[in-house]
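**Student:** Have a look at this one.
Read-outs throughout are calculated quantities, based only on the coordinates presented, and are distinct from any laboratory measurement. Because the structure is predicted, anything quoted here is derived from the model rather than measured. Neighbour counts are summed over all protein chains in view; Cβ atoms, including those assigned to glycine, are modelled from backbone coordinates with ideal geometry.
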Amino acid sequence: MPLIAFLIALPLIIFGMQPEKSQCFGQTNKGALQYGDRPDFFGPNYGSYCHICVLALRTFGHAPVIRTLEAAYARLEKSHPETYFLYGEIGFPWGGRFPPHRTHRNGLSVDFMVPLKDGLILPSHMGNRFGYDVSFDDQGRMIGDEASYLYARHNKVAKIDFEATAIHLLALEAEARKRGGRIARVFFAPGLQKILRKTSQGKTLFQKIAFNKRPSWVRHDDHYHVDFSFPCTPKR
Ligand SMILES: [Zn+2]
């Protein structure tokens, strides 16, 4: 336990986290970050996709983005306490190149693993690249070995909770607006967007938030990628 506490404190020690000084630079695909902050490992209704990755400093973002993420989870804890959310990769405390991602370079990009229905949680471990290798069909049903494993263990077919996804994105948008920002764009597999559009909040969601029209270079079925827009300095 002391070792874990030390590892958690390490980023604080090394980077002297001062979220009030957080500053983003440039664009999501060509930028940097100063004094980035990170969300907690977990809260009442959310957790990180991978604790080792948190310790590897892969979950740092611009402070208003991190506050937005936390406030959205707090909002959902009240309205949808039964749903558990996982956040994914965000970026390095200093921003810049963040392989294998093409963006996530200035603290404004956040990946969120899809929430699942029926109390299931997306399996995340080294063998499935911490959730990023989990696959879903165009109906939002998990496929492959992970799906078989979850079925054998819980006797439930793992499905994306599209209602929760829509509500989560609207909560992020509302909380970003409160802090002087907004969601610039969401990347999610176009086939799955069709189902998202049919949820109770679908119409509002697509009116308020822009989505990718064409498939991007990764399928975005196991996670939705959110690019936020907050005022940034053009260059460091
Ligand atoms: Zn991403």
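**Student:** Looking at region 102-113, can you tell me whether even one residue there is of a type in the set (A, V, I, L, M, F, W, C), away from the ligand (no atom under 14 Å from the Cβ) and in contact with a helix residue (DSSP H, G or I) (Cβ under 8 Å, 6 or more places away or on another chain)?
**Tutor:** no
**Student:** Please list, ordered by residue number, the helices (runs of 4 or more DSSP H) wholly in region 126-232 having 1 or more residues that are within 19 Å of Y73 (Cβ to Cβ).
**Tutor:** Counting at least 1 such residues, we get 162-178, 202-208.
**Student:** Kindly list the number of the only condition in (1) more than 16 Å from the ligand (Cβ to nearest atom); (2) among the aliphatic types (A, V, I, L, M); (3) in contact with a strand residue (DSSP E or B) (Cβ under 6 Å, 6 or more places away or on another chain) that fails for A152.
**Tutor:** Going through the list (1) more than 16 Å from the ligand (Cβ to nearest atom); (2) among the aliphatic types (A, V, I, L, M); (3) in contact with a strand residue (DSSP E or B) (Cβ under 6 Å, 6 or more places away or on another chain), A152 breaks only (3).
**Student:** Another question about this same structure. Could you grab the pairs with beta carbons closer than 6 Å, sequence gap of 6+ or different chains, first residue in region 39-60 and surrounded by fewer than 16 Cβ atoms within 10 Å (Cβ to Cβ), second one assigned to a strand (DSSP E or B)?
**Tutor:** What qualifies is F41/S48.
Condition check ((1) free of Cβ contacts under 8 Å to residues at least 24 places away in the same chain; (2) touching a Lys or Arg at 6+ places or on another chain (Cβ under 6 Å); (3) surrounded by 20 or more Cβ atoms within 10 Å (Cβ to Cβ)) across all residues:
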residue: I121; (1), (2), (3): no, no, no
residue: N128; (1), (2), (3): yes, no, no
residue: V134; (1), (2), (3): no, no, yes
residue: Q139; (1), (2), (3): no, no, no
residue: G144; (1), (2), (3): yes, no, no
residue: S148; (1), (2), (3): yes, no, no
residue: R153; (1), (2), (3): yes, no, no
residue: A164; (1), (2), (3): no, no, yes
